[in-house]
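Asker: Here's a structure for you.
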Amino acid sequence: MKRTHHCNELRPSHIGQTVTLAGWVHSRRDLGGLIFIDVRDREGRTQTVFDPSDLPKDVFERASSLRSESVILVTGKVRQRPQGTNNPKIATGEVEVMAQNLEVLNHAEVLPFPVDDPEVASKVNEELRLQYRYLDLRRPEMARNLRLRSKVATATRVFLDGEGFLEVETPLLFKSTPEGAREFLVPNRREAGTFYALPQSPQQFKQILMVAGVERYFQLARCFRDEDLRADRQPEFTQVDLEMSFIDREDIYRLIEGLLKQVWKTALNVDIPTPFRRISFEEALNRYGIDKPDTRFAMEIVDFTEEFRSSSFKVFSGAVANGGVVKALNAKGMADATQGQIETMTEYAKSFGAKGLAFIKVEKGEWKSPIVKFFTEAEKQALTSKLGIEEGDLILFAADQWLNACEILGRIRLYCADVLKGKGKLNIPADQFNFLWVVEFPLLSFDKEQNRWYSSHHPFTAPVHEDIPLLKSDPRKVRGQHYDIVVNGVELGGGSIRIHQPEVQKIIFEEILQIPADMVQARFGYMLNAFKYGAPPHGGIALGFDRMIAILCGTPSIRDVIAFPKTAKGTDLMTESPAPVEPKQLRELHLELRVPKKEAPKPEV
Ligand code: ASP
């Protein structure tokens, strides 16, 4: 079963050589008595030709009975394709192999979907693709994704090794320390009623590795979060996770900029400019209405709080009187927005608690909107000059508390960009990558329902040094030493400089997050203890590896870059997991089930 060449190797220089190819029957065509079989392997494909006048009958018959995706070994002579039959679309398109022998290594049954036609395959229902993932992965587009993933993983390892990092594996059987996403639990057979938990990230272990003197740790780490899956999430995923001692934020920025530069060069041969732009959380919200701004287009949000503070339009002045703000954005060229589009945007505003959405369409030299009659000349003048209003524009407003007003317009900004893209009025080149650091996040956010503070990032993030005195007096004002790396509106990763003093960590847990002292001891006691024995100052970051690969592959779905992903319901359709287990297994685990009645199955993906 030895091949002499792979299926993307033969060129005119091989003409006259006898070769053996092995692979899958990509396609078979019967033409004028000849049979043409494209043999495909991981590298590409090559055309082979079976001529009945030249071959023993049984060989020809075997060739004519072959189904797509059967596995074959073809031996023959390389020749120049006849004039006019070259196929410029494939690298081997100038030559073909005149078959002399054919061995069928395995027959394939009729396929559930074709793998040879990217156009047809891209329309195949994703559930079917996931059920027959081994066929789906044979598609050259998917094979390319896996290959790129592997290349980037290697480039990452090489780069970090060069920077002095040690790759250290941390346990998957961890302990439940809920403070963030819901965890997957693993029952412990050896002691009834105790559980391991799968790690949401190696956060605590990597910090302990710093206490252990490792200084520079990294890992391509599997992480598990039992969340209701939003469109582009997976219950298990991979992070490029790292941690360093004796550093500050600047060291992380430099390191990650170097890593991403290397990765983009390796994967796409693109030189990304460094250093990346930095923007504070507050500025990102003010200008783009989101903490992961897509800066490939402007359409920035503009503040009009002062201009409308004493406006006779009470919706605006009332919001300001209530401690809120007035903000607006100009969706250039969108005055022709349909009723449906306006309704969609109004729904976005309402989903943030707004009563409605104020807007102005600028058409035929007129400002069309019921609210314009309330505006003074000065207010109109301010809008015109600060928003650069012209014929054809659509102006959208939010008057609300600061964060809400920003987020409403942030959501609408992205929607308008999509609409304008669809109309060809906004053009974003596919190879444009706008990286930026978002910095100076608030350390804490307030949960109104539970009436308590929670960590914006995680409880190990250090406050900005000069803000520590505010921790007890004005927690809202405390900034965290947290940073996110964003590209084209996607959060690629985040991290922070950590708290390394046990007393500060204890204040955060007990006084700020109000976790009872005995619970802190039970969950994090080992960590607080470790920090008593000489913890170096340290910090780190984790990049979403799946998401990074999806961006590099230009696919919107991380499922396309994971070999065996799960559906939105967390199932693996190929292995049919999760699945029930035997009563004996449950008994061994000291578990009893109370399973609610089954609902009718819904579509999966
Ligand atoms: N463990 C964090 C996360 O998964 C990243 C970090 O702080 O390094 O988001």
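Asker: State which residue is nearest to the ligand (Cβ to nearest atom) when the search covers only the stretch 220-244 and only residues that are of a type outside the set (Asp, Glu), surrounded by 19 or more Cβ atoms within 10 Å (Cβ to Cβ) and more than 21 Å from Ser176 (Cα to Cα).
Answerer: Checked the stretch 220-244; the qualifying residue nearest to the ligand (Cβ to nearest atom) is Leu242.
Asker: Hey, another quick one. Across the stretch 44-70, which residue is least open to solvent (accessible area, probe 1.4 Å) among those that are among the acidic types (Asp, Glu) and either free of Cβ contacts under 8 Å to residues at least 24 places away in the same chain or more than 11 Å from Ser27 (Cβ to Cβ) (or both)?
Answerer: Checking each candidate, the answer is Asp51.
Asker: Just to be sure before I move on: is Arg45 touching an Asp or Glu at 6+ places or on another chain (Cβ under 7 Å) and of a type in the set (D, E, K, R) in the structure I sent?
Answerer: Yes; evaluated as a whole, the condition is true for this residue.
Asker: Got a sec? Which of Gln432, Gln450 is open to solvent by less than 60 Å² (accessible area, probe 1.4 Å), of a type in the set (S, T, N, Q), assigned to a loop (DSSP other than H, G, I, E, B) and away from the ligand (no atom under 15 Å from the Cβ)?
Answerer: Gln432 is the lone residue from the list that is open to solvent by less than 60 Å² (accessible area, probe 1.4 Å), of a type in the set (S, T, N, Q), assigned to a loop (DSSP other than H, G, I, E, B) and away from the ligand (no atom under 15 Å from the Cβ).
Asker: Another question about this same structure. Applying the selection to the stretch 402-414, what residues are open to solvent by less than 30 Å² (accessible area, probe 1.4 Å) and either free of Cβ contacts under 8 Å to residues at least 24 places away in the same chain or not hydrophobic (A, V, I, L, M, F, W, C) (or both)?
Answerer: Scanning the stretch 402-414 gives Gly410, Arg413.
Asker: Kindly provide the set of residues from the stretch 198-212 that are within 14 Å of Ala535 (Cβ to Cβ) and open to solvent by less than 20 Å² (accessible area, probe 1.4 Å), ordered by number.
Answerer: Gln204, Lys206, Gln207, Met210
Asker: Take the residues of the stretch 415-429 that are more than 12 Å from Ala337 (Cα to Cα) and in a helix (DSSP H, G or I): which is least open to solvent (accessible area, probe 1.4 Å)?
Answerer: Restricting to residues being more than 12 Å from Ala337 (Cα to Cα) and in a helix (DSSP H, G or I), the top hit is Ala417.
Asker: Taking interchain pairs and intrachain pairs at least six residues apart, which have beta carbon atoms under 9 angstrom, with the first residue in the stretch 203-214 and more than 12 Å from Met527 (Cα to Cα) and the second within 10 Å of the ligand (Cβ to nearest atom) and not polar (S, T, N, Q)?
Answerer: As it stands, the answer is Val214/Lys206; Val214/Glu243, since those pairs meet every condition given.
Asker: Looking only at helices (runs of 4 or more DSSP H) that lie completely in the stretch 296-388, which have at least 2 residues being surrounded by 13 or more Cβ atoms within 10 Å (Cβ to Cβ), of a type outside the set (Asp, Glu) and within 31 Å of the chain's Cα centre (by Cα)?
Answerer: Output list reads 339-351.
Asker: Looking at (1) open to solvent by less than 60 Å² (accessible area, probe 1.4 Å); (2) over 35 Å from the mean Cα position of the chain (by Cα); (3) of a type outside the set (Val, Ile, Thr), which one does Leu111 not meet, given that it meets all the others?
Answerer: Only one criterion is unmet by Leu111, namely (2).
Asker: Looking only at the stretch 158-170, decide whether some residue is surrounded by 20 or more Cβ atoms within 10 Å (Cβ to Cβ), of a type in the set (Val, Ile, Thr) and more than 14 Å from the ligand (Cβ to nearest atom).
Answerer: Within the stretch 158-170 (the criterion being surrounded by 20 or more Cβ atoms within 10 Å (Cβ to Cβ), of a type in the set (Val, Ile, Thr) and more than 14 Å from the ligand (Cβ to nearest atom)), the answer is no, since none of the residues qualifies.
Asker: Right, another one. In the list Ile497, Ile485, Ile507, which residue meets the criterion of being more than 16 Å from the ligand (Cβ to nearest atom) and among the aliphatic types (A, V, I, L, M)?
Answerer: Ile507 is the lone residue from the list that is more than 16 Å from the ligand (Cβ to nearest atom) and among the aliphatic types (A, V, I, L, M).
Asker: Identify, please: which residue in the stretch 189-202 is of a type outside the set (D, E, K, R) and in contact (Cβ under 8 Å) with a residue 24 or more places away in the chain and is, among those, farthest from the ligand (Cβ to nearest atom)?
Answerer: Residue satisfying both the conditions and the ranking: Ala192.
Asker: Another question, then. Could you tell me how many of the residues in the stretch 77-98 are surrounded by 15 or more Cβ atoms within 10 Å (Cβ to Cβ) and within 15 Å of His14 (Cα to Cα)?
Answerer: Summing the residues that are surrounded by 15 or more Cβ atoms within 10 Å (Cβ to Cβ) and within 15 Å of His14 (Cα to Cα) in the stretch 77-98 gives 12.
Asker: When residues of the stretch 245-260 are filtered for being within 18 Å of the chain's Cα centre (by Cα) and open to solvent by 80 Å² or more (accessible area, probe 1.4 Å), how many remain?
Answerer: Qualifying residue count for the region: 0.
Asker: Out of all the residues in the stretch 587-600, is one or more at pLDDT 90 or above, touching a strand residue (DSSP E or B) at 6+ places or on another chain (Cβ under 6 Å), part of a helix (DSSP H, G or I) and open to solvent by less than 70 Å² (accessible area, probe 1.4 Å)?
Answerer: No, every residue in the stretch 587-600 fails to be at pLDDT 90 or above, touching a strand residue (DSSP E or B) at 6+ places or on another chain (Cβ under 6 Å), part of a helix (DSSP H, G or I) and open to solvent by less than 70 Å² (accessible area, probe 1.4 Å).
Asker: May I pose another question? Can Phe545 be described as among the aromatic types (Phe, Trp, Tyr), within 30 Å of the chain's Cα centre (by Cα), within 16 Å of the ligand (Cβ to nearest atom) and farther than 30 Å from Ala417 by Cβ?
Answerer: When the stated conditions are applied, Phe545 does not pass them.
Asker: When the residues of the stretch 479-491 are filtered to those that are touching a residue at least 60 places away in the same chain (Cβ under 8 Å) and open to solvent by less than 20 Å² (accessible area, probe 1.4 Å), which remaining residue is farthest from the chain's Cα centre (by Cα)?
Answerer: Per the stated criteria, the residue is Tyr483.
Asker: If you don't mind, another one. What pairs come out if I take residues in the stretch 498-512 that are free of Cβ contacts under 8 Å to residues at least 60 places away in the same chain and pair them with residues that are basic (Lys, Arg) whose C-beta lies under 6 Å away, six or more apart or interchain?
Answerer: Pro502/Lys532
Asker: Within the set of pairs 6 or more residues apart or between chains, which connect a residue that is over 16 Å from Arg547 (Cβ atoms) inside the stretch 558-572 to a residue that is part of a loop (DSSP other than H, G, I, E, B) and among the β-branched types (Val, Ile, Thr) with Cβ atoms less than 7 Å apart?
Answerer: Between residues of the stretch 558-572 that are over 16 Å from Arg547 (Cβ atoms) and residues that are part of a loop (DSSP other than H, G, I, E, B) and among the β-branched types (Val, Ile, Thr), the close pairs are Thr567/Val605; Ala568/Val605.
Asker: Please go through the stretch 492-514 and give me each residue that is surrounded by 19 or more Cβ atoms within 10 Å (Cβ to Cβ) and either in contact with a Gly (Cβ under 8 Å, 6 or more places away or on another chain) or on the phi > 0 side of the Ramachandran plot (or both), ordered by number.
Answerer: Leu492, Gly493, Gly495, Ser496, Ile497, Arg498
Asker: Of the residues Ala517, Ala563, Ala550, only one is at pLDDT 95 or above and either in contact with an Asp or Glu (Cβ under 6 Å, 6 or more places away or on another chain) or crowded, with 21+ Cβ neighbours inside 10 Å (or both); which?
Answerer: It is Ala550.
The values are calculated or read from the model by the stated rules, or taken from the named source; none is laboratory data. No experiment lies behind these values; they were computed from the predicted model shown. Every residue, glycine among them, receives a Cβ derived from its backbone with ideal geometry; neighbour counts consider all protein chains shown. In case anyone asks, the SASA skips ligands and DNA or RNA and just uses the protein heavy atoms, side chains included. Shrake-Rupley method; radii C 1.70, N 1.55, O 1.52, S 1.80 Å.
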